[in-house]
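Notes follow the structure.
The values are calculated or read from the model by the stated rules, or taken from the named source; none is laboratory data. Because the structure is predicted, anything quoted here is derived from the model rather than measured. Cβ coordinates were reconstructed from backbone atoms using ideal geometry, including for glycine residues, and neighbour counts include every protein chain displayed. Note: accessible area is taken over every heavy atom of the protein model, side chains too, but ligands, DNA and RNA are not part of it. Shrake-Rupley method; radii C 1.70, N 1.55, O 1.52, S 1.80 Å.
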Amino acid sequence: MQKPLNVLNSAINNQVIVTLKGNREYRGVLDGYDPHMNLVLKNADELINNEVVRKLTVAIVRGDNVIYISP
Amino acid sequence: MQKPLNVLNSAINNQVIVTLKGNREYRGVLDGYDPHMNLVLKNADELINNEVVRKLTVAIVRGDNVIYISP
Amino acid sequence: MQKPLNVLNSAINNQVIVTLKGNREYRGVLDGYDPHMNLVLKNADELINNEVVRKLTVAIVRGDNVIYISP
Amino acid sequence: MQKPLNVLNSAINNQVIVTLKGNREYRGVLDGYDPHMNLVLKNADELINNEVVRKLTVAIVRGDNVIYISP
Amino acid sequence: MQKPLNVLNSAINNQVIVTLKGNREYRGVLDGYDPHMNLVLKNADELINNEVVRKLTVAIVRGDNVIYISP
Amino acid sequence: MQKPLNVLNSAINNQVIVTLKGNREYRGVLDGYDPHMNLVLKNADELINNEVVRKLTVAIVRGDNVIYISP
Amino acid sequence: MQKPLNVLNSAINNQVIVTLKGNREYRGVLDGYDPHMNLVLKNADELINNEVVRKLTVAIVRGDNVIYISP
């Protein structure tokens, strides 16, 4: 049995996929999080409808919109 | 009488179906949860409109979007 | 005068109809609940637009999406 | 000056109209409530787009979806 | 500088316009409120898309849906 | 570094633009606020899709719907 | 490991991109924030569907609508 935030914690510094509402996806290195699942991503690709639309050196992603995070 | 979180707890390590808003479904092994119904799934298929679109070794699914979980 | 959660409590082990947002309905035996109106249903039919689409031996339904519960 | 919950309280055992989001309306006897405006209705007609679609002996209506209650 | 709830308080017994999400408007006498902006209106006209669709002797309007209240 | 509520506070008695969800905009004098960003506006124009649709002597605007406030 | 609010804090006085729900984007200097991710921006361009529609000397942006902030 693993708590969701512990799994998130063990993904720090690893590549993750973050899927948000509205067909948005972010792929980058997880650099931080808080208990609301707000995330810090580094060197992330932003995808809308599966196409890369932007590259983000750093992004603070609001937890509200997260559907899932996959380390 | 069974509390929802107790039923969730007894589903740990079992195969579950997780139905989310937006015609999303996840089928995998329940590896963890928290009181917000955030979930950890292992070896999960992601289905959109009943078709498998991705396989996820590990996924932290936000409880917010859950419609139901069926062990 | 009856508190909503007390009415829910007295419906335990009885057949209930649960109507959710998005034209979803669940008909089954109420096996549990919590103060957020998260529910445990047993032997439930899932209906979308009034058609049975799935049978669920056990389902933990998130209270968030509930419109009403009718014992 | 009347507090909303006091007005609700004085409507107990009276006929009320409950209008919800999504063009839903319930007309029945108010049998209970709680501070979240979750309601217990008895002998209620459910109307969608102004047509009676179902009769409910008892219904626990979630306060979340309420637009207004008219005693 | 006026606190929103104080302005609401000084509108008690006055005619107000209440605009809700979904093109709904209520025009009546403010008879009460609580800190969630739940309101009690008396002798209110309900307007949808700027047309009066119903007259309500008393209505408890849920604060959640309020866009603005104009005394 | 300025806290958002302090900036709001220093805009009291000044003309502000308030943009809400649903293509609504209010332009008037900020007369008050609370920590939820509920606002009191005086002598405000209400604009929908960039057209003035109403003039409001006083309006209590619910913070929930605010996208931004520009002093 | 970096907490999201700490990353936000270190972006004070720097140029940031703020992406909101509804295809809205703000590009300006971050002048403040609070724990809800309410932001103060200075000299910001407002973009809707990637086109600049307005220039804002100061804007208090509500955290609720934020998808991500990129310093």
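Structure notes:
- Working note: Karplus 6.51/-1.76/1.60 with θ = phi - 60° gives region G:12-22 the couplings 4, 6, 9, 5, 9, 10, 10, 9, 10, 4, x Hz, where Gly and Pro are set to x.
- Cα→Cβ-extended label distance, 7 Å offset, between B:Thr57 and C:Thr57, nm: 3.0 nm
- Cross-link reach list, lysines versus E:Lys21, counting only Cα pairs under 17 Å and skipping chain neighbours closer than eight places: D:Lys21, F:Lys21
- With every protein chain in place, region B:4-70: carbon and sulfur % of accessible area (1.4 Å): 43 percent
- Sequentially through region E:43-52, phi angles give Karplus couplings (6.51, -1.76, 1.60; θ = phi - 60°) of 6, 9, 8, 9, 10, 10, 6, 6, 10, 5 Hz, Gly and Pro residues having no value and appearing as x.
- Check: chain F dipole with +1 on Lys, Arg Cβ and -1 on Asp, Glu Cβ, in debye: 20 debye
- Measuring from each Cβ of chain G to the axis that turns chain G onto chain E, the shortest distance belongs to G:Asp64, 9 (residue, then whole Å).
- Mean accessible surface per residue for region G:9-71, computed with a 1.4 Å probe while every protein chain stays in place, in Å²: 41 Å²
- Chain C: relative contact order in percent, alpha carbon pairs under 8 Å with at least 6 residues between: 31 percent
- Centroid-to-centroid, using Cα positions, region G:1-69 and region B:1-50 are 34 Å apart.
- Chains C and B together, accessible area buried on both sides, 1.4 angstrom probe, square angstrom: 1800 Å²
- Within the protein assembly as shown, helix-based [θ] at 222 nm, where runs of 4 or more DSSP H residues each add -39,500 (n - 2.57), nearest 500: -2500 deg cm²/dmol
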